[in-house]
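I have placed the structure first, in the form of structure tokens, so that the comments after it can refer back to it.
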Amino acid sequence: MFNSFKRRLPEISIFHQPSSPPSTKALNLLRSSISAPYPPGQAQKQPLDFDLEVVEGPPTSDQMRTILSYLPSKAVSPSLAFLSAHYATPS
């Protein structure tokens, strides 16, 4: 009867480039945050609770539109909201 009130875990997706050290570091940080106390070094804290989806490759155009729809304003430049470890991205 109350199935619609069940709490669902937050979902986090990472578009992972295995050959990129920053991408690997970010993925390892996310994985450790769900398997060990968070923040690290605080044994009394619980791990974070979320579903992690790892996508190896860039987002599709539909996924990118969805991601951009979460930005607070169309006036915000996507380059200010995203970090990229892609080799073609200027540093």
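Coordinate-derived values only; no laboratory data. These figures come from a predicted structure and were not determined experimentally. Positions of Cβ are generated from backbone atoms using ideal geometry, with glycine treated the same way; all protein chains shown enter the neighbour counts.
A few notes on this one:
- Taken over the range 2-25, the criterion of being under 16 Å from the mean Cα position of the chain (by Cα), without any contact (Cβ under 8 Å) to a residue 40 or more places away in the chain and in a helix (DSSP H, G or I) is satisfied by Thr24, Lys25.
- The range 1-59, subset among the charged types (D, E, K, R) and surrounded by 12 or more Cβ atoms within 10 Å (Cβ to Cβ), residue nearest to Tyr70 (Cα to Cα): Arg31
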